[in-house]
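I have placed the structure first, in the form of C-alpha cells, so that the comments after it can refer back to it.
The numbers here are math on the coordinates, done by the rules we state, and not lab data. Only a predicted model underlies this, so the values are computations on that prediction, with no experimental measurement involved. A quick note on method: Cβ atoms are made from the backbone with ideal geometry, for glycine too, and the neighbour counts reach across all protein chains shown.
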Amino acid sequence: MEAKAVAKYIRISPQKVRKIVGAIKGEPVEAGLNMLKFMPQKSAGIVEKVLRSAIANADQNQDLDIDSLVVRNIIVDQGPMLKRFRARARGRGTRILKRTSHITVIVAEGLTK
C-alpha cells in the first residue's frame, strides 16, 4: 500500500525543488525528514511539509506502519506561470515568468532503494 500528498501551485521554480528531491528519494521517512530539516533551501521546507502530509495520510487512511514507511517517489511538475512585465531601456518592456510547481510525494511500506 502507498499513500500520497500533493501540493499544487507552489510559488517556486520546479528546477529549484528538483535540486533537493534526489537526496531523499528511496530513504526512510525519518531520515528524509531529518535531511530536509537541516537543508538551507526554501524548497526543503516546502517538501518537508508535503512529506509530513503524506505520512499523516498513510497513518489516517491506510493504517500503514509509520516506522516502516519509505519515500517511494517525489514528482515535481511545472504549474502555470504568472506573466509579468518590467520596464527596460529605450521604452521597451521585458516579460518576467514567475514559475509555479506541483509537488507530489508518494510514501509506501517496504525496502529502501
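Ordered by packing density, taken as the mean number of other Cβ atoms within 10 Å over each peptide's residues, highest first, how do 31-41, 51-61 rank?
Working: 31-41: 14.5, 51-61: 17.0.
In decreasing order of mean packing, 31-41, 51-61 become 51-61, 31-41.
Please tell me which of these pairs span more than 23 angstrom C-alpha to C-alpha: 19/49; 8/37; 49/83; 19/42?
On the way: 19/49 17 Å; 8/37 21 Å; 49/83 27 Å; 19/42 11 Å.
Beyond 23 Å between Cα atoms: 49/83.
Quickly work out the residue 6-to-residue 59 label distance, labels modelled 7 Å from Cα along the C-beta direction, and quote it in nm with one decimal.
So the two model labels end up 2.4 nm from each other.
Among 98, 16, 49, which one shows the highest mean-square fluctuation when the chain is modelled as a Gaussian network with alpha-carbon springs under 10 Å?
98
Going Cα to Cα from residue 98, which aspartates and glutamates come in below 16 Å? Please leave out same-chain ones fewer than 8 positions away.
Output for residue 98: 77.
Taking 8 Å as the Cα distance limit and 6 or more residues as the minimum spacing, I'd like the relative contact order of the range 41-113 as a percentage.
Numbers: 92 pairs, mean separation 26.8, N = 73.
Dividing the mean separation by the residue count of the range 41-113 yields 37 percent.
Sorted from largest down, give the three principal axis spans of the alpha carbons of the chain, whole angstrom values.
63, 26, 19
Where does each of 2, 48 land when they are ranked from fewest to most other beta-carbon atoms within 10 angstrom?
Result, fewest neighbours first: 2, 48.
For residue 18 and residue 49, FRET efficiency with R0 = 22 Å and r from the beta-carbon atoms, rounded to 0.05? Display every interim value, and only then the final one.
Numbers: r = 17 Å, r/R0 = 0.77.
Using R0 = 22 Å, I get an efficiency of 0.85.
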